[in-house]
Amino acid sequence: MMEFNAVDKYRSMLRSYGRLKKIETDNGNNIGNTESRDAVEDFFNQCYHFKDWLKKDKSIVLSFDVEKFISEGQALSLAADYCNTFKHAGLGRARSDKNLEKINTHINFDLTPRGVIASSRLELTISGEKYDAFKLALNVLKIGKSISF
């Protein structure tokens, strides 16, 4: 039977976050309008899969209910809802009791001594509130680091 090591999935999450961070801060001298959206979706998918791996990793014993932990935390529940919105082409049951209304992509070109630096960030409008997807991802990572495994 295949083993599901949560540490491996967490490392995959970190690599995905690294790609998101590069797009958010310095993507070289070119960027399109889809990179940040793809990177955000990939990161939150990795997070959602991490949840399942945590539950199935037999080498760790968690002192909490993973599903409840996600539903009770704002960053985690918003990330789960974002992921499920795109997985199911709409959200049937929200963990956060909030709805994703709109996604805006902001593209920047900064002139620096080494040339043009392109970056892109995603702004999520969720139940009327605006969230920076990169900052939300950073909050999710901080929570992930707090889990002992």
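Among the residues of the stretch 48-81, those that are under 15 Å from I143 (Cα atoms) and among the hydrophobic types (A, V, I, L, M, F, W, C) comprise F50, L54, L62, F64, V66, F69, I70, A75, L76, L78, A79, A80. Taken together, K98, K135, K102 contain a single residue that is charged (D, E, K, R) and assigned to a strand (DSSP E or B), which is K102. Within the stretch 33-52, one or more residues are exposed (fewer than 13 other Cβ atoms within 10 Å of the Cβ), out of contact with any His (no Cβ under 6 Å at 6 or more places or on another chain), outside any helix (DSSP H, G or I) and not acidic (D, E).
Can you find, within the stretch 110-128, the residue that is farthest from I31 (Cα to Cα) among those that are free of Cβ contacts under 8 Å to residues at least 24 places away in the same chain and of a type outside the set (V, I, T)? If you could, list the steps in order and put the result at the bottom.
Filtering the stretch 110-128 down to residues free of Cβ contacts under 8 Å to residues at least 24 places away in the same chain leaves 110-114, 123.
Next cut, of a type outside the set (V, I, T) only: 110-111, 113-114, 123.
On the way: D110: 12, L111: 14, P113: 19, R114: 17, E123: 17 Å.
Among those residues, the one meeting the criterion is P113.
Within the stretch 87-96, identify whether any single residue is within 30 Å of G28 (Cα to Cα), within 15 Å of the chain's Cα centre (by Cα) and surrounded by 12 or more Cβ atoms within 10 Å (Cβ to Cβ), and answer yes or no. No, there is no match, as no residue in the stretch 87-96 is within 30 Å of G28 (Cα to Cα), within 15 Å of the chain's Cα centre (by Cα) and surrounded by 12 or more Cβ atoms within 10 Å (Cβ to Cβ).
Conditions (1) over 28 Å from D8 (Cβ atoms); (2) in contact with a strand residue (DSSP E or B) (Cβ under 9 Å, 6 or more places away or on another chain); (3) at pLDDT 90 or above, marked per residue:
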{"position": "Q46", "(1), (2), (3)": "no, no, yes"}
{"position": "G92", "(1), (2), (3)": "yes, no, no"}
{"position": "N104", "(1), (2), (3)": "yes, yes, yes"}
{"position": "N108", "(1), (2), (3)": "yes, yes, yes"}
{"position": "E123", "(1), (2), (3)": "yes, yes, yes"}
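Evaluating F86 against the criteria (1) within 17 Å of V140 (Cα to Cα); (2) assigned to a helix (DSSP H, G or I) leaves one unmet condition, (1). Is it the case, given these coordinates, that Y10 is more than 18 Å from A133 (Cβ to Cβ), part of a helix (DSSP H, G or I) and aromatic (F, W, Y)? For Y10, the condition - more than 18 Å from A133 (Cβ to Cβ), part of a helix (DSSP H, G or I) and aromatic (F, W, Y) - is met. Within the stretch 51-77, residues that are in contact (Cβ under 8 Å) with a residue 24 or more places away in the chain reach partners that are of a type in the set (K, R) and surrounded by 12 or more Cβ atoms within 10 Å (Cβ to Cβ) with beta carbons closer than 7 Å, at six or more positions or on different chains, in the pairs W53/K9; I70/K51; I70/R95; S71/R95.
The values are calculated or read from the model by the stated rules, or taken from the named source; none is laboratory data. In this text, all values refer to a predicted model and were calculated from it rather than measured experimentally. Because the Cβ atoms are built from the backbone with ideal geometry, glycine has one as well, and the counts that use them run over all protein chains shown.
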